[in-house]
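The structure appears right after this line, and notes come after that.
Rule-based calculations on the coordinates, nothing more; no lab input. Since the model is a prediction, treat every value here as computed from it, not as a measurement. We place every Cβ from the backbone using ideal geometry, glycine too, and count neighbours over all the protein chains shown.
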Amino acid sequence: MQKGYQKVEYKNIPLFKDVTDAQWNDWKWQLKNAIRDIPTLEKVIKLTNEERDHLAKTLKKFKMAITPYYAALMDKEDRHCPVRLMAVPTLSELHVDESDLSDPLHEDIDAPVPGLTHRYPDRALLMVTHECSMYCRHCTRRRIVGEPDLNTGLGHLEQAFEYIRKTPEIRDVLLSGGDPLIFSDERIDYILGELRKIEHVEIIRIGTRMPVVLPQRITDNLCNVIRKHHPVYVNTHFNHPKEITEEAKIACEKLADAGIRVGNQSVLLKDVNDCSNIMKKLMHEILRIRVIPYYIYQCDLSEGISHFRTTISKGIEIIENLRGHTSGLAVPTFVVDAPGGGGKIPVMPDYLVSQTEKRVVLRNYEGVLTTYTQPSDYKGHNPENCEYCHDQNLVAKDGIAKLLNGEGTSLQPENLRRINRHTK
Ligand SMILES: *Cc1c(COP(=O)(O)O)cnc(C)c1O
Ligand code: SF4
């Protein structure tokens, strides 16, 4: 028998004592009853006078919204509870660190039309809304999330669809926000349908935190709507083993049963999951509910989240403690999303110790040094007779890959002083 999962207890919480199961399991009720003010919050958790005072100050600048479900998951007494740290504002959010940037990933700058970031050659990120069911305190997009939806009406979407239509390189569209699943099933059906009409859009991805903060949103009807538009992939955002509940399990299994592969993108957060063993447990738990670890993100340089940041070394340490020690499926890629819009940069421990033409020395997770003897007669792949090498959609046109393909001999930063000194 598998170890069971806990349902979130809510009847014993004063605020929810008269709530019926039907209400509790209705995502629209959950949305409508999200906790947005201090008096309501105090019917769920204990606040010290200082915390209450700090919270009031922070709420003047940032919005709070916590779904009843996620609120019930918080520890009532312990202010260090990881779920609480992700949900309840603190005074630290008002601190602007000297390294903070308002749009660190240049998502707005790299946007050819409002709400659409086209950073990588073959895929684009479409922010369909600024709204979420709950506002995560560590949100990297807090510059826009929770702000009134200025340009996310259907007009803005139409502009984005038009851009995708006339950009045949885009074969992968990521719907993000905000949380796209805050929309009605009909609206989601419409958006997926419009994208599916575009011939060159091969896959669609939806980024959502609903399975974590509002698992009731994952209804049979929603799954039926999504599966009509396959191949559709979902990425969600579990950060701590405490978030794996019976409700979350049901939600993720519903998606999996509809053939919708769910991946997970965690954010490395100080005092929440900056521990190899918490992360290992989290990866094991999400696999048990049929979610596949995809990324662990280094916390971005967005304003107001500096109190969540760890060193990059912490992420490397976590990967060192996962790779080899547990299932390969449980090992996500640790990435730093480059400030300035450079995209995700994977970082990991070094496994390559040294090499000659003939031999490569590698180390494994146990510290064993091993050698791999390279074939002496390997001539490489011949692109001449390879139809895929003649497909311009596949051939890399940027970066180191371009150099390796023989297109150009160097990549140079702009305004090199050495180059500026050249007379011609
Ligand atoms: C993360 C991201 C993507 C998707 O990256 P993958 O590595 O393909 O998952 C695409 N566009 C933007 C702007 C992103 O930030
Ligand atoms: S669900 Fe995602 S976009 Fe919304 S607040 Fe949380 S991290 Fe930000």
Checklist entry - How high is the FRET efficiency from Asn420 to Lys358, r the C-beta distance, R0 41 Å, rounded to 0.05? => result 0.45
Checklist entry - Can you give the extra length, in nm with one decimal, that the chain gains between Asp391 and Ile316 once fully stretched, where that is 0.36 nm per residue apart less the Cα-Cα distance? => result 23.3 nm
Checklist entry - Under the Kirkwood approximation applied to all pairs of distinct alpha-carbon atoms, what is the hydrodynamic radius of the range 383-423 in Å? => result 12.4
Item to check | Semi-axes of the equivalent ellipsoid for the range 49-168, Cα gyration tensor, largest first, Å | outcome: 33, 16, 13
Checklist entry - For Tyr378 and His95, FRET efficiency with R0 = 60 Å and r from the beta-carbon atoms, rounded to 0.05? => result 0.60
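Report the charge-dipole magnitude of the chain in Debye, nearest 20, computed about the Cα centre from +1 at each Lys and Arg Cβ and -1 at each Asp and Glu Cβ.
480
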Checklist entry - Would you list Ile164, Ile318 from fewest to most Cβ contacts within 10 Å? => result Ile164, Ile318
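Taking the number of other C-beta atoms within 10 Å as the exposure measure, put Thr67, Thr117, Thr167, Thr311 in order starting with the fewest.
Details: Thr67 25, Thr117 22, Thr167 15, Thr311 12.
Arranged by neighbour count, lowest to highest, Thr67, Thr117, Thr167, Thr311 become Thr311, Thr167, Thr117, Thr67.
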Item to check | lysines whose Cα lies under 22 Å from that of Lys379, excluding same-chain neighbours fewer than 8 positions away | outcome: Lys358, Lys402
Checklist entry - How many percent of Cα pairs in the chain exceed 33 Å? => result 41
Checklist entry - What list of ³J(HN,Hα) values in whole Hz, one per residue of the range 334-348 in order, does the Karplus curve 6.51 cos²θ - 1.76 cosθ + 1.60 (θ = phi - 60°) give from phi, with Gly and Pro shown as x? => result 8, 10, 10, 7, 5, x, x, x, x, x, 7, 10, x, 10, 7
Checklist entry - If we count other beta carbons within 10 Å of each Cβ, what is the order of His284, His237, fewest first? => result His284, His237
Checklist entry - Here are some pairs, Lys57/Lys249; Lys57/Lys270; Lys11/Lys242; which of them have Cα atoms lying more than 28 Å apart in this structure? => result Lys57/Lys249
Checklist entry - Placing +1 at every Lys and Arg Cβ and -1 at every Asp and Glu Cβ, with all other atoms neutral, what dipole size does the range 1-84 have around its Cα centre, in debye to the nearest 20? => result 280
Checklist entry - Stretch Lys7-Tyr351 to full length: gain in nm at 0.36 nm per residue minus the Cα-Cα span? => result 119.7 nm
Checklist entry - Cα to Cα, under 17 Å, and not fewer than 8 places away if on the same chain: which lysines meet these conditions relative to Lys166? => result Lys197
Item to check | Helix-only [θ]222 nm of the chain, DSSP H runs n ≥ 4, -39500 (n - 2.57) each, per residue, nearest 500 | outcome: -7500 deg cm²/dmol
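Residue separation times 0.36 nm, minus the C-alpha to C-alpha distance between Asp108 and Gln159: what's the value?
Values: separation 51, 0.36 × 51 = 18.36 nm, distance 1.53 nm.
Full extension from Asp108 to Gln159 adds 16.8 nm.
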Item to check | Highest-fluctuation residue, Thr129, Thr310, Thr140 considered, GNM on the chain with Cα pairs under 10 Å | outcome: Thr310
Checklist outcome for this item: For the range 342-406 the GluC sites (Glu not before Pro) that pass both the DSSP coil test and the at-most-14 other-Cβ-within-10 Å test are Glu357, Glu366, Glu387
